[in-house]
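Visitor: For reference, the structure I am asking about is given below.
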C-alpha cells in the first residue's frame, strides 16, 4: 500500500508539469575555492540548494536581512559559525539561521561535506558581507 501511495504521489507531482530535479539536471554554479552548488528549487519565494565543499574550505561571514535559512548536512561534517558561536554539524543534522544572524559554514575536515540550504525568501540578493570573527566558543551537539 505504501509503495502505491508513493507511486501515486510521484505521478501526481509529474502530472502538474513539474520535472523531477536532481544534481544531473539542476542549474549548477561554483563559489569560493572549488565549492559547488545546484539549485534544486529556485523561485521568488523559496530556494533549495545542494552544496558541496571540499576539505579545508569556508564561506565568508555574512547575514541576511530577510531570509531565513536551514542548513542540513547530507554527508561529512561542517562547522557553522552563527551568532557568535560555533556548532559542529554531522550527517543527518541541521541548523536554522534566522534573519539578521551572522553566519558562515566551514569544512574543517579532510573529507568533502555535502549539505542542503533552504532559504525563504531566497537569500542571494539579501546577502550582507561581514568581517570574520576569531576564537568563538564551540557548541557541542
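Visitor: How do 109, 123 rank when sorted from fewest to most other Cβ atoms within 10 Å of their own Cβ?
Guide: Starting with the residue having the fewest Cβ neighbours, the order is 109, 123.
Visitor: Listing 129, 81, 59 from the residue with the fewest other Cβ atoms within 10 Å to the one with the most, what is the order?
Guide: The order, fewest Cβ neighbours first, is 129, 59, 81.
Visitor: Give the Rg (one decimal place) followed by the Dmax (whole number) of region 33-88, computed from C-alpha coordinates and expressed in Å.
Guide: My reading of the Cα-based Rg and Dmax gives 12.4, 33 Å.
Visitor: Restricting the count to DSSP beta bridges whose residues both fall in region 21-139, what percent are antiparallel, rounded to a multiple of 5?
Guide: Details: 45 of 47 bridges.
Once the DSSP bridges in region 21-139 are tallied, antiparallel ones form about 95 percent.
Visitor: Per the Debye formula with a single identical scatterer at each Cα and no solvent contribution, what log10 I(q)/I(0) holds for region 21-139 at q = 0.15 Å⁻¹?
Guide: Rounded to two decimals, the profile gives -0.62.
Computed from the coordinates by the stated procedures, all read-outs in this text should not be read as laboratory data. Since the structure is predicted, the reported quantities are computational estimates derived from the model, not experimental observations. Positions of Cβ are generated from backbone atoms using ideal geometry, with glycine treated the same way; all protein chains shown enter the neighbour counts.
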